[in-house]
Amino acid sequence: MKIFMKKNKKSGSTVLELLFYIALFSVMSLVVINSMITMTKSFKETTIQAELTLSGAVMERLSREIRQANSITSISTSDLVLNTGTNKTIEFLLSGLNLQLIENSVLTGNLNPQNISINNLVFTKVNTLKSQAVKVSFTIKSNDDVLARTYDFYDTIVLRGSY
């Protein structure tokens with residue numbers, strides 16, 4: 001009677017398979033990590049662009065308040081005090097890199113978002129025979145932007161009480 005015995009063959013194929021899978025896992029991991037880094041950079045860039053775009057609301061608020069005012073109480077390059085005609089004064093003041101809104105000598109807050117700085121704010125009074133206006137110009141910059149991009153805003157607003 002013949003006894004058939006199985007021979008246990010040990011070959012190097014399992015080691016080669018293991019090395020192949022480790023290399024494949026490494027390549028896949030690098031692809032995933034690279035895409036995550038790219039996605040994070042894109043999200044940060046989108047956030048900065050959105051903040052800069054939404055900072056146009058600062059100019060809208062300035063325009064609305066100036067348009068509704070009856071007269072200018074005082075004006076300098078970085079400070080504007082308006083008389084609304086209802087025993088209420090509104091002041092816009094550049095303090096550091098923030099544009100502050102002050103109503104009846106009480107600070108109500110900054111008009112610009114936390115990550116946005118306002119530079120080169122200039123108020124200029126414009127008088128004509130029939131009306132009064134204020135020319136406003138300023139530059140905004142994101143504090144998080146490594147490219148240091150800036151956006152310029154400017155407008156000339158006629159006061160309600162002057163026409």
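The values are calculated or read from the model by the stated rules, or taken from the named source; none is laboratory data. Note that the coordinates shown come from a computational prediction; the quantities given were computed from them, not determined experimentally. Don't worry about glycine lacking a Cβ; one is built from the backbone with ideal geometry, like all the others, and counts go over all protein chains shown.
Residue pairs whose Cβ atoms lie under 9 Å apart, sitting 6 or more positions apart in sequence or on different chains, and linking a residue in the stretch 20-44 that is within 30 Å of Ala148 (Cβ to Cβ) to a partner that is loosely packed, with under 10 Cβ neighbours inside 10 Å, do not occur here.
Applying the condition of being within 30 Å of Ser71 (Cα to Cα) and of a type in the set (Val, Ile, Thr) to the stretch 139-160 and asking which residue is surrounded by the most Cβ atoms within 10 Å (Cβ to Cβ) yields Ile140.
Of all the listed residues (Ser74, Ser137, Ser142, Ser105), the sole one being within 22 Å of Ile48 (Cα to Cα) and free of Cβ contacts under 8 Å to residues at least 40 places away in the same chain is Ser137. Check Lys2, Lys88, Lys6 and return the single one that is among the charged types (D, E, K, R), assigned by TED's automatic domain parsing to the domain that holds Ala148 and at pLDDT below 90. After ruling out the rest, the residue left standing is Lys88.
Just to be sure before I move on: is Ile140 out of contact with any Lys or Arg (no Cβ under 8 Å at 6 or more places or on another chain), farther than 18 Å from Gly56 by Cα and at pLDDT 90 or above in the structure I sent? Considered against the rule, which asks whether it is out of contact with any Lys or Arg (no Cβ under 8 Å at 6 or more places or on another chain), farther than 18 Å from Gly56 by Cα and at pLDDT 90 or above, Ile140 comes out as no. For the stretch 62-88, taking the residues that are under 30 Å from Ser142 (Cα atoms), surrounded by 15 or more Cβ atoms within 10 Å (Cβ to Cβ) and among the hydroxyl-bearing types (Ser, Thr, Tyr), the one that is nearest to the chain's Cα centre (by Cα) is identified as Ser63. The set of residues from the stretch 54-70 being basic (Lys, Arg) and either more than 14 Å from Leu82 (Cα to Cα) or in contact (Cβ under 8 Å) with a residue 24 or more places away in the chain (or both) comprises Arg61, Arg67.
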